[in-house]
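Working notes, structure below.
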Amino acid sequence: MAQDYAIEAVGLEKIYRPRFRGRSIKAIADLTLRVPVGVKFGLLGANGAGKTTFVKTLLGAVNQSAGSATLFGRDTREAEARRPVGYLPENHRFPTYFTGTGMLDFYAALSGLESRERRRRIPALLESVGLKDWGDVRIKKYSKGMLQRLGLAQALIHRPRLLILDEPTDGVDPVGRRDIREALNALTDTGVTVFINSHLLSEVETFCEYVAILNRGELALEGKMSHLLAGRGYRIAATNVPEQAFEGIRLAGGAVVEGGGNLGSDLEIRIATREEANAVIDRIRAAGGFIESVVATTSSLEDVFIRTTEAEKAA
Amino acid sequence: MTPNLDTKLSRSRARVFLALIADTFQEARARWLFWGLFGLSTLLICIFLFVMRIDLVAGAVSFMGIESTSRRIWDIRKFVNVSYSWVSVVLYTWGTFLAIFASSGLIPSVLEPGRISLLLSKPMTRTTLLMGRYMGNVLIVGANDLYLIGSIWIIIGLKTGIWEPRFLLAIPISLFIFAVLLCVVVLLGVISESAALSVMVSVSLMLISSILAQHQIVVKLLDSEWSRNLWLTLYWIVPKFFDLGAAMRQIILFDREANWIVPVWTSSIFGIVVLWRALYLFRRRDY
């Protein structure tokens, strides 16, 4: 049966209870999140927002307290649900007694791959992550970036349908980052769902089609990246606006008014919607001010992230 | 589920289990535990070879001052059997101590953050993961027991010409008590992730078992009913390291009074309960 969602969490909750004394911590609260099959999805959140707990709940490393989570329609508490998943954890600690080839062979065996298939896949994967000549070297000699690339190969070894990557480019140089991005793009072209948990907003912005922001264990924002970033507002530069008109401009659409704007203007006004922008322009003109410029602006993901987390904080 | 898919899944699970066992061997080798265990066993074998340079048979004859040929053969056999029985006890104790030390770190190491989360993301149950590790440890120690006790048996056999197969009972008995004590190592590994604590408790259990085994004497000396009951309760709970060693010695000596059934089943129950608890806690823990 074809599944619509690679990941589906409904009312998911995780409470860490202390073993003896102390306060319980709600790491995830009533989280409902759906990741469609075949998309590139980014999960964002400040430290302690519950991102890693969410990922670990999906992968069976953390037991959920309430709600449900499925991977391709299968309950995450079943071991078989994890078969189509490739995972690269943050702060991974691969056993250093392995060689690159040995490590891939071990994790591939744990993923259920037959030895003949493993022998065939490993050299090709090592080559694809730029570690062709490093297969027989013990991984304790690997640099951080090399370990990250080897970790990615480990996640890909069994041809997963869902890749869950925790800080995938951590410690990787810019060229390596681009290579990883291209490799992941190629994967999504084949229908693989990529779920990235990252602090690097620019990277998520460049790569992901969908994004969700977690804040204190709750879903603060979710949507298509293009919707979240595009048409986010307008910037109006104006001169000769009397001070008594400021309040009216604010009232016209919740516009933000800043003194000492650029472009030779006295004011720079940021407005969220087209309707509000028109209302503000009318107010400025009615007060005898001059419009110097009107620019449609797009937010960066950082803007969206900060706005969302701060709004939640204020609430 | 179709039979074909069922077979595929079974094969996949077997592959996972074998990979976990192989990984335990690989880690033991990389951490020098494997070589340390076999190196110390080799040292013991060498010491034994050196000791056996003294002609045991001729020495026994001269020591016992035996003259008559028929009696001489019988007494030499008895002497060798007594030697076998004591050597088996030494190997049993030595082997178990070494095995506990060697295996104590192999459970907590797999629970290290960053390693366990990746392992748990694979399509296997937590029970499989822990049992794979457990079996890996048992097989390493089994191989060492086979090497150590088998070598000593061959040396004594070659030297005396008396091949006593009962001596080889030390292999399964040593392995059995190690498997029981390893359950404690696993439980403490899951709870505390501390190799040192696992060793402390397991070795203490071996010593405590030796003290508790003297219950027939101690119970007579204790004046209150509750202290006698406490002693006996503890005796029945704690794995019977001492009793099994004593039973093994008696079996080698053809002693019909040898009681190995009770120590085996009580220790088995202890091991099963402890291992079940370890698996239960492991399934419930967040990593």
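Overview of results
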| read-out | value |
| --- | --- |
| Residue within region A:140-154 that is among the aliphatic types (A, V, I, L, M) and touching a strand residue (DSSP E or B) at 6+ places or on another chain (Cβ under 7 Å) present | yes |
| Where a residue in region B:7-19 is more than 9 Å from chain A (Cβ to nearest Cβ) and its partner, wherever it lies, is in a helix (DSSP H, G or I), with Cβ under 8 Å and at least six apart | B:F17/B:T128; B:F17/B:M131; B:F17/B:G132; B:F17/B:M135 |
| Among the candidates A:A66, A:A81, A:A46, residue that is within 10 Å of chain B (Cβ to nearest Cβ) and hydrophobic (A, V, I, L, M, F, W, C) | A:A81 |
| Residue among A:V62, A:V85 that is at negative phi, of a type in the set (A, V, I, L, M), in contact with a helix residue (DSSP H, G or I) (Cβ under 9 Å, 6 or more places away or on another chain) and surrounded by 24 or more Cβ atoms within 10 Å (Cβ to Cβ) | A:V85 |
| Out of B:G136, B:G114, sole residue that is on the phi > 0 side of the Ramachandran plot and within 13 Å of chain A (Cβ to nearest Cβ) | B:G114 |
| Positions within region A:155-171 being within 20 Å of A:I122 (Cα to Cα) and over 14 Å from the mean Cα position of the chain (by Cα), in sequence order | A:A155, A:L156, A:I157, A:H158, A:R159, A:P160, A:R161, A:L162 |
| Unmet requirement for A:L147, which otherwise passes all of (1) without any contact (Cβ under 8 Å) to a residue 40 or more places away in the chain; (2) within 24 Å of A:F195 (Cα to Cα) | (1) |
| Tally of residues being under 19 Å from A:I139 (Cα atoms) and either in contact (Cβ under 8 Å) with a residue 60 or more places away in the chain or touching a Lys or Arg at 6+ places or on another chain (Cβ under 9 Å) (or both) across region A:73-109 | 19 |
| Region A:88-123 - residue that is charged (D, E, K, R) and within 23 Å of the chain's Cα centre (by Cα) and, of those, surrounded by the fewest Cβ atoms within 10 Å (Cβ to Cβ) | A:R93 |
| Among the candidates B:L234, B:L175, residue that is surrounded by 19 or more Cβ atoms within 10 Å (Cβ to Cβ) and part of a helix (DSSP H, G or I) | B:L175 |
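Okay, residues lined up against (1) touching a helix residue (DSSP H, G or I) at 6+ places or on another chain (Cβ under 8 Å); (2) among the basic types (K, R); (3) surrounded by fewer than 20 Cβ atoms within 10 Å (Cβ to Cβ):
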| site | (1), (2), (3) |
| --- | --- |
| A:V137 | yes, no, yes |
| A:K140 | no, yes, yes |
| A:L156 | yes, no, no |
| A:I164 | yes, no, no |
| A:P174 | no, no, yes |
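No lab work stands behind these numbers, since they all come straight from the coordinates. For clarity, every value in this text was computed on a predicted model and none was experimentally measured. So basically every Cβ, Gly included, is an ideal-geometry build from the backbone, and we count neighbours across all protein chains shown.
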